[in-house]
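Input: a single structure, listed below in structure tokens.
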Amino acid sequence: MNGKWTIGIIGGTGLYAIDALENPEWRTVESPFGAPSDDLLFGSIGDVNLVFLPRHGRGHRISPSELNARANIDALKRSGCTDILAISSIGSLREELEPGRFVVVDQFIDRTVARPSSFFTTGLVGHVSMAEPVCPRLSALAADAVVTAGGKVTKGATYVAMEGPQFSSRAESLLYRQWGADVIGMTAMPEAKLAREAELPYALIGMVTDYDCWRESEAHVDVAEVIAQMHKNGDTARRTVSALIASLPAKRTPSPIDTVLDFALMTDPAVRDPALLAKLDAILARVSQA
């Protein structure tokens, strides 16, 4: 690490561009894991480099279940990102987390079932800890940035990641509340897991668009209302990104997450699959050079 920040921004529903970027340039970044959701938008804000990826593609083309999260994270790693800020629309499972509020997530429950969730497969086995799945430094900076941007923010919440693309049944929504989940979405997993495997500190700002369907006296989730709230949230999200960049320390000091692969790889080097190693050239670049 050279002490400089390069922030990867994964923009979810409602955030498809970063208006404040200087010298913006869309570039195609190829990944051995397939095509990312879209080209990546490179630029800077002041002295900080940014790489923006619209998670669902421009125009919201890709369903949550069909997102190629491995390609997305790999492409951001190849682009030189040091940290990732993910921004996502979410549903609320708590009365006090009202639509329009921003939530900085610190825990996850993964209920996805149809998505490749690891870079490490047969030929190279790796295990990283997800006990603390987000970067506390970046999360704290993100929460402060929401306040600076004029938004309401809650620090710390458990996000349940559902497969989708359908919304929850009421029974599911009530169950997730019993589990202690606070918000619900369809995209943070396996994204956060893959970011950890790629040694990229990850923070997630969730933008509440609606109450999930647990409130039995009210109507179920309405897509039109979600879209309306999503657009309102998007303006605050763009200001939040600018505020975050302005708040970054001039020098990026190392994070423990930068080196999680030092003790994660289980497979004996003599029997590691060369083809898989070639696919993981970006993910393993640091440990390969060590």
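Things to note:
- Candidates are the residues of region 159-173 that are in contact with a Cys (Cβ under 7 Å, 6 or more places away or on another chain) and assigned to a helix (DSSP H, G or I); the one that is farthest from ARG70 (Cα to Cα) is ARG170.
- Condition met for ALA157 (touching a residue at least 12 places away in the same chain (Cβ under 8 Å) and touching a strand residue (DSSP E or B) at 6+ places or on another chain (Cβ under 9 Å)): yes
- Exactly one residue among ASP39, ASP110, ASP74, ASP144 is buried (at least 20 other Cβ atoms within 10 Å of the Cβ) and charged (D, E, K, R), and that residue is ASP74.
- Check on ARG78, touching a strand residue (DSSP E or B) at 6+ places or on another chain (Cβ under 8 Å) and among the basic types (Lys, Arg): yes
- Taken together, GLU163, GLU218 contain a single residue that is at pLDDT 95 or above and acidic (Asp, Glu), which is GLU163.
- All conditions but one from (1) more than 23 Å from ASN233 (Cβ to Cβ); (2) touching a Phe, Trp or Tyr at 6+ places or on another chain (Cβ under 6 Å); (3) not in a helix (DSSP H, G or I) apply to VAL128; the one that does not is (2).
- Those helices (runs of 4 or more DSSP H) of region 174-290 in which 1 or more residues are in contact with a Phe, Trp or Tyr (Cβ under 8 Å, 6 or more places away or on another chain) occupy 188-197, 223-247, 274-279.
- Annotation: of all residues in region 42-62 being within 23 Å of ARG196 (Cβ to Cβ), among the β-branched types (Val, Ile, Thr) and in contact with a helix residue (DSSP H, G or I) (Cβ under 8 Å, 6 or more places away or on another chain), the one that is surrounded by the most Cβ atoms within 10 Å (Cβ to Cβ) is VAL51.
- Within region 232-274, the set of residues being touching a residue at least 24 places away in the same chain (Cβ under 8 Å) and charged (D, E, K, R) comprises LYS232, ARG238, ARG239, LYS251, ARG252, ASP258, ASP262, ARG272, ASP273.
- Region 94-107, subset assigned to a loop (DSSP other than H, G, I, E, B) and closer than 23 Å to ALA140 by Cβ, residue least open to solvent (accessible area, probe 1.4 Å): LEU97
- Evaluation of VAL48 against the conditions (1) among the aliphatic types (A, V, I, L, M); (2) closer than 19 Å to ASP144 by Cα; (3) within 14 Å of the chain's Cα centre (by Cα) shows that the sole unmet condition is (3).
- Checking SER65 against (1) without any contact (Cβ under 8 Å) to a residue 60 or more places away in the chain; (2) surrounded by fewer than 24 Cβ atoms within 10 Å (Cβ to Cβ); (3) outside any strand (DSSP E or B), the condition it does not meet: (1)
Quick grid of which residues meet (1) under 23 Å from ILE9 (Cα atoms); (2) in contact (Cβ under 8 Å) with a residue 24 or more places away in the chain; (3) in contact with a Lys or Arg (Cβ under 9 Å, 6 or more places away or on another chain):
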residue: VAL146; (1), (2), (3): yes, yes, yes
residue: GLN166; (1), (2), (3): no, no, no
residue: GLY180; (1), (2), (3): no, no, no
residue: VAL183; (1), (2), (3): yes, yes, yes
residue: MET186; (1), (2), (3): yes, yes, no
residue: PRO190; (1), (2), (3): yes, yes, yes
residue: PRO201; (1), (2), (3): yes, yes, yes
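- Cβ-Cβ contacts under 9 Å between residues 6 or more apart (or on different chains), taken from a first residue in region 74-100 that is under 26 Å from MET162 (Cβ atoms) and without any contact (Cβ under 8 Å) to a residue 60 or more places away in the chain to a second residue that is open to solvent by less than 30 Å² (accessible area, probe 1.4 Å) and of a type in the set (Val, Ile, Thr), are listed as ALA75/VAL29; ALA75/VAL51.
The values are calculated or read from the model by the stated rules, or taken from the named source; none is laboratory data. From a predicted model like this one, the values you see are computed outputs, not experimental measurements. Here the Cβ is made from the backbone with ideal geometry for all residues, glycine too, and neighbour counts use every protein chain on show. For the accessible areas, the whole protein counts, side chains as well, though only heavy atoms, and no ligand, DNA or RNA atoms are used. Shrake-Rupley method; radii C 1.70, N 1.55, O 1.52, S 1.80 Å.
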